[in-house]
Amino acid sequence: MPASRLCSMSSRNVRVGDYVVIQRQCYTKLHKVTQRSMASLGKDQLELDTIIGKPFWTTYKMEGKGKRLFKLVECDGAESLAEQLIKDVTSGTDNRNIFDDNASQSLSKDEIVGLRDSGLSGQEIVGQLIENSKTFHDKTEYAQKKYLLKKEKKYFEYVTIRKPTLRLVSQIMFRQDPAKIMWLRMDTISQITTAAGIHTEGTYIVYESGCQGLSVASMLNYLGEDGNLIHIHPGNIPQKQAVLAMNFDPQHLSKLISVNVYSLLRMLFQENKCEDDEPAKDNLAKKPRWEQETEKAARLLRNRKVDGLVIVAREYPASIVMALLPFLAVSRPVVVYSSVREPLLDLYLTLKSRGDVVGLRLTETWLRSHQVLPDRSHPDILMSGSGGYMLTGTLVQRRDTSII
């Protein structure tokens with residue numbers, strides 16, 4: 001990625017129309033900024049007017065304006081609720097005499113909800129819970145910290161506005177509904193871009209359907225001024241949610257060409273095509289956007305072969321690969337992703353029999369995250385079963401057996 005683009009992306013402030021990532025402790029949410037924008041974090045409603053024009057990575061404190069309605073006030077940084085409240089609290093030596101009988105808290109549920117609705121800060125609410133607890137002062141220091149950290153997660157008053165990155169966008173989409181992105185995790189995305197050999201000045205084809213534009217955004221992210229990406233999709237309207245969320249500038253978005261697969265193939269293989277003629281500007285202006293994009297992609301593919309072919313599809317991939325393989329240059333990679341294994345097994349055998357795709361490998365991506373804390377590091381209990389399957393290979397010149 002050019003250094004000038006990196007510098008401009010890092011220094012730009014939040015503008016109307018941008019996507020931002022709202023982070024509250026470990027929770028992150030993707031949101032598009034509009035005039036008088038409102039964002040919901042659980043049952044809390046946030047007014048986002050104050051973030052417009054401010055730099056990314058600014059931290060704000062949530063100040064109550066009414067029932068679960070908050071405005072954001074810029075501050076220097078977040079303060080730990082647990083560290084503030086644990087300072088002057090006495091603790092016990094063990095928890096043997098503490099019983100969980102649901103009677104240790106003298107405040108009722110309605111009274112606790114009333115404290116929140118009255119506009120009290122999180123520190124004041126938790127302070128009230130401690131004062132009205134019959135067992136808190138008898139707990140060990142470790143148990144008290146654990147209790148306060150649990151309450152801090154619920155009553156945390158600070159949010160940070162972050163710039164969307166490929167990692168953040170993919171993690172948010174995966175957490176919300178992994179089926180919508182075909183269980184495509186961030187580690188799988190990195191393997192796809194690595195296997196495809198993305199470089200800044202390359203020209204690539206990506207066929208994607210049912211992945212919210214996540215693989216398209218990952219490939220477009222690494223292209224430079226002379227790069228091109230042809231996004232082929234089966235429907236009338238391409239899925240671009242992840243592409244929009246990345247806040248690419250218009251110049252960078254001009255490297256992306258989105259076309260319907262049937263329209264592109266029909267234009268490329270029609271009998272009376274003009275390969276080198278550039279369409280007149282007057283005629284081009286009268287054509288719909290999808291037709292202009294299709295002609296642009298067709299001219300690009302007639303003039304050169306692409307440097308990589310990536311298929312991320314819910315459909316059976318064999319026919320898609322066979323239709324697009326002729327546009328791939330020799331000694332260039334082909335990468336096919338699927339959330340299930342069986343279609344890739346059939347495609348493996350089909351490509352093996354052709355003889356012009358070598359180095360075929362079918363792999364399953366697997367990742368398990370770990371909690372790393374003093375004296376209590378262990379694998380996370382909840383994890384995804386699989387990150388999908390990937391078939392990779394390299395196109396070579398077919399050997400002419402007639403001369404042997």
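Within 18 Å of SER386 (Cα to Cα) and either out of contact with any strand residue (DSSP E or B) (no Cβ under 6 Å at 6 or more places or on another chain) or not assigned by TED's automatic domain parsing to the domain that holds LEU30 (or both): is that true of ILE189 in this structure? So ILE189 passes the test.
Of the residues LEU362, LEU391, LEU349, which single one is under 23 Å from HIS233 (Cα atoms) and outside any loop (DSSP other than H, G, I, E, B)?
Only one candidate passes the filter, namely LEU391.
Hey, among ARG368, ARG332, which residue is modelled with pLDDT under 90, within 27 Å of MET219 (Cα to Cα) and of a type in the set (D, E, K, R)?
ARG368
I'd like to check something: does region 193-205 contain any residue that is farther than 30 Å from SER108 by Cα, in contact with a Lys or Arg (Cβ under 8 Å, 6 or more places away or on another chain), surrounded by 14 or more Cβ atoms within 10 Å (Cβ to Cβ) and not aromatic (Phe, Trp, Tyr)? Scanning region 193-205 turns up at least one residue that is farther than 30 Å from SER108 by Cα, in contact with a Lys or Arg (Cβ under 8 Å, 6 or more places away or on another chain), surrounded by 14 or more Cβ atoms within 10 Å (Cβ to Cβ) and not aromatic (Phe, Trp, Tyr). Among the residues of region 376-395, the ones that are modelled with pLDDT of 95 or more and hydrophobic (A, V, I, L, M, F, W, C) come to 3 in all.
Filtering region 103-148 to residues that are loosely packed, with under 14 Cβ neighbours inside 10 Å and assigned to a helix (DSSP H, G or I) leaves LYS109, ASP110, GLU111, VAL113, GLY114, ASP117, GLU124, GLU131, HIS137, GLU141, TYR142, LYS146.
Of the numbered criteria (1) buried (at least 17 other Cβ atoms within 10 Å of the Cβ); (2) within 30 Å of ALA245 (Cα to Cα), the one LYS154 fails is (1).
Run down LEU148, LEU166 and say which single residue is aliphatic (A, V, I, L, M) and over 27 Å from the mean Cα position of the chain (by Cα). Reasoning before the result, please.
Details: LEU166 fails: over 27 Å from the mean Cα position of the chain (by Cα).
Answer to the selection: LEU148.
Among the residues of region 213-228, the ones that are surrounded by 23 or more Cβ atoms within 10 Å (Cβ to Cβ) and either under 12 Å from the mean Cα position of the chain (by Cα) or over 19 Å from ASP187 (Cα atoms) (or both) come to 6 in all. Pairs meeting the criteria (first residue in region 308-334 and over 26 Å from ALA179 (Cβ atoms), second residue of a type in the set (S, T, N, Q) and not in a helix (DSSP H, G or I), beta carbons under 6 Å, at least 6 apart or on different chains) are VAL330/GLN397; PRO333/THR394. Exactly one residue out of LEU325, LEU367 is within 19 Å of ILE189 (Cβ to Cβ) and either out of contact with any Phe, Trp or Tyr (no Cβ under 9 Å at 6 or more places or on another chain) or aliphatic (A, V, I, L, M) (or both), and it is LEU367. Reported count of residues in region 3-40, each being at negative phi and modelled with pLDDT under 90, is 13. Condition first: loosely packed, with under 13 Cβ neighbours inside 10 Å and either touching a residue at least 40 places away in the same chain (Cβ under 8 Å) or outside any helix (DSSP H, G or I) (or both). Now tell me which residues in region 177-186 satisfy that. Answer for region 177-186, where residues must be loosely packed, with under 13 Cβ neighbours inside 10 Å and either touching a residue at least 40 places away in the same chain (Cβ under 8 Å) or outside any helix (DSSP H, G or I) (or both): just ASP177. One residue alone among VAL169, VAL159 is in a helix (DSSP H, G or I) and out of contact with any Ser or Thr (no Cβ under 6 Å at 6 or more places or on another chain), and that residue is VAL169.
What pairs come out if I take residues in region 148-176 that are among the acidic types (Asp, Glu) and pair them with residues that are assigned to a helix (DSSP H, G or I) whose C-beta lies under 8 Å away, six or more apart or interchain? That search, which allows pairs on different chains as well, returns GLU152/LEU81; GLU152/ALA82; GLU152/GLY122; GLU152/VAL126; GLU157/LEU81; GLU157/GLY122; GLU157/GLN123. Among the criteria (1) more than 30 Å from PRO374 (Cβ to Cβ); (2) acidic (Asp, Glu); (3) part of a helix (DSSP H, G or I), the one GLU152 does not fulfil is (1).
The values are calculated or read from the model by the stated rules, or taken from the named source; none is laboratory data. Since the structure is predicted, the reported quantities are computational estimates derived from the model, not experimental observations. For neighbour counting, all protein chains shown are included, and Cβ atoms are generated from backbone atoms with ideal geometry for every residue, glycine included.
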